[in-house]
Amino acid sequence: MAGSGTAHLRDDSARKVLQVEHMVVEFPSARGKVHAVSDVSLDVIDGETLGIVGESGCGKSTTGKAIMRVPPPTSGRVLLEGVDLSSLGTEQMREVRTQLQMIFQDAMSSLNPRRQIREVVAEPLVIRWLESFKRSPLIRAWERYVPAMLKLWRQPLLKKILLPIITAFFVGLIVWVVSSALGTENAEGIRDGGVGADVGNVLMVGAMIAAAPFILMFLVTAGIWLVLSLLMPLAGIPRGLRIRRDKARFWAETDSKVRQVLEDVGIDPDASMDRRPHEFSGGQAQRISIARALILDPKVIICDEPVSALDVSVQAQVLNLLEDLKVKYGISLIFIAHDLAVVKNIADRVVVMYLGKVCEVGPPDDLFTRSLHPYTEILMNSIPVTDPSVDPRMAQTVSGELPSPIAPPSGCRFRTRCPRAADVCANEEPVLRGFGGGQFVACHFPVDHASPNGQHHDAALVGGS
């Protein structure tokens, strides 16, 4: 049963490199608001691999992307080594983001097909190098001004005000033209539109008076934009000269580092650096993606189902590679996957998600051998076994349709499919509570299990920690 809470977060004595608190991610849609992630909290300590599992659509990948702030979460905090990323400005975020990197599921699509491998892997270094040269105040003003100007002119309220004004002006113009065309000629041969022409004049003059502030605002914003556009090329000359002087040194160091990181991921630099992504297999492309993520020496790498598109033998190679690189580079991993066997082998701690909520948190061995959450138990029963004496039809499976994230169920979000649901599950949202051994579950009626030390976990433990 999916719930909220922070009981599973470790105290400050742990060397936490990343902490997510009460993260919410929502997306607008034609049918209503999509609740993709709802009040998710988690933490990662230095050198740890945190696994995130759950069925498709539970919010795993959205959680990883929101940590990277692509897109930023709707609410909540993401702390990287104690620094709240939501409080940082654009330039500060550029610097901090080098400590957070991501490996994507489809490696081939994440690599630029037009670039050589040396350029693909070096691109993060190039961006950081270019950012090290301060822009002129004029260029920084342009970068702040253009988004603010576009945001101003896209305001819905502005459109609501201007539309009636423009409509009134053109209605007045049509009335004046028609009245003048149908009017009688005076002695001077000029057609007199009479009252209709006067009404048209009043509408046009009134509309122009009402539009005067907006016309002035347009002229001012357009004038500032024109001045900045003309001066920007001149303002960029000093920075361009500094970049040109440092270019030879930078590329010498970068080439050496690219070679080293390619060797670390098992790719021969001499045979690969001048080739393009389409010349590599899926496993090799994923290794190149890992090299690109490592090139900036990050603190945390988010792996979004990095082996799901690979065959089993290549999966094992990539997983072993990640384990070796984690030790060599001193990094922490967030490993997102729906393959439970993969997560069990690589993760030090596992978070189980359902419909945007955290269900259970604990060590992988405990989750696999004595799941406390009904949903976790069903997930474990879904793992295929090779024993022919085991009838897969006897395994416990989930029933019912997956609820819509636009209108999730009240209380526990898993209650509509849970075999243990009761009235309290609809009225009260369960909170994550500790059951010993680092295992936490959000459920009013957890699954009964006997632990190795003889303790018995049952519903009476709800409310305890």
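Extending 7 Å from the Cα toward the beta-carbon at both residue 46 and residue 83 defines two label points whose distance is 1.6 nm. Sorted largest first, the principal axis extents computed over the alpha-carbon atoms of the stretch 274-387 equal 52, 34, 25 Å. Beta bridges from DSSP with both residues in the chain: antiparallel share about 65 percent, rounded to the nearest 5. Once the Cα atoms are used to define both axes, helix 117-131 deviates from the longest principal axis of the chain by about 60 degrees.
The spacing between the stretch 71-96 and the stretch 155-214, judged by their C-alpha centroids, is 52 Å. Axis of helix 282-294 versus longest Cα principal axis of the chain: the two differ by about 70°, to the nearest ten degrees.
Just want to confirm a number: the relative contact order over the stretch 137-235, from Cα pairs under 8 angstrom separated by 6+ residues, in percent. The partial results should precede the final answer.
On the way: 74 pairs, mean separation 31.6, N = 99.
32 percent.
Take the Cα of residue 216, step 7 Å toward its Cβ, do the same at residue 140, and the gap between the two points is 3.1 nm. Projecting label points 7 angstrom from Cα along Cα→Cβ for residue 148 and residue 229 puts them 1.9 nm apart.
Sorted by average packing, counted as other Cβ atoms within 10 angstrom per residue and highest first, what order do 24-37, 273-286 take? Each step should come with its number before you reach the end.
Values: 24-37: 14.9, 273-286: 17.4.
By packing density, highest mean first, the sequence is 273-286, 24-37.
Mean silhouette area of the stretch 137-235, derived from the convex hull of its C-alpha atoms and averaged over all directions, reads 9.0 nm².
Computed from Cα atoms, the angle from the helix 312-329 axis to the main principal axis of the chain rounds to 80 degrees. For the chain, the residue among 87, 204, 266 whose Cα projects farthest onto the positive side of the dipole built from Cβ charges is 204.
Order these by the 10 Å Cβ neighbour count, fewest first: 78, 343, 441. Intermediate results must be reported in sequence, preceding the final value.
Details: 78 20, 343 23, 441 32.
Ranked by crowding around the Cβ, least crowded first: 78, 343, 441.
Between residue 198 and residue 90, the FRET efficiency estimated from the beta carbon spacing at R0 = 56 angstrom works out to 0.55. Taking only the alpha carbons of the chain, we obtain Rg and Dmax values of 30.5, 114 Å in that order. Using Cβ point charges alone (K and R +1, D and E -1), the dipole size of the stretch 52-114 about the Cα centre works out to roughly 140 debye. Here the gap between residue 410 and residue 381, fully extended at 0.36 nm per residue and compared with their Cα-Cα distance, gives a gain of 7.8 nm. Full extension of the chain between residue 427 and residue 244 yields a length gain of 59.3 nm, computed as 0.36 nm times the residue separation minus the alpha carbon distance.
Relative to a virtual label point 7 Å from the Cα of residue 159 in the Cα→beta-carbon direction, which members of the stretch 1-44 show backbone nitrogen distances below 18 Å? It comes to 28-32, nothing else. For the chain, 58, 303, 359, 418, 443 stand unpaired, since no other cysteine beta carbon lies under 4.7 Å from theirs. What the Cβ-Cβ distance of residue 339 and residue 182 gives, at R0 = 51 Å and to the nearest 0.05, is a FRET efficiency of 0.05. Place a label point 7 angstrom from the Cα of residue 75 along the Cα-to-Cβ direction, then list the residues of the stretch 10-35 whose backbone nitrogen is under 13 Å away. Under 13 Å, as judged by backbone N against the label point of residue 75, lie 22-26 of the stretch 10-35.
We did not get these values from a lab; they are worked out from the coordinates using the rules stated. Just so it is clear, the model here is predicted, and its values are computed rather than measured. In this analysis, Cβ positions are derived from the backbone assuming ideal geometry, glycine residues included, and neighbour counts consider all displayed protein chains.
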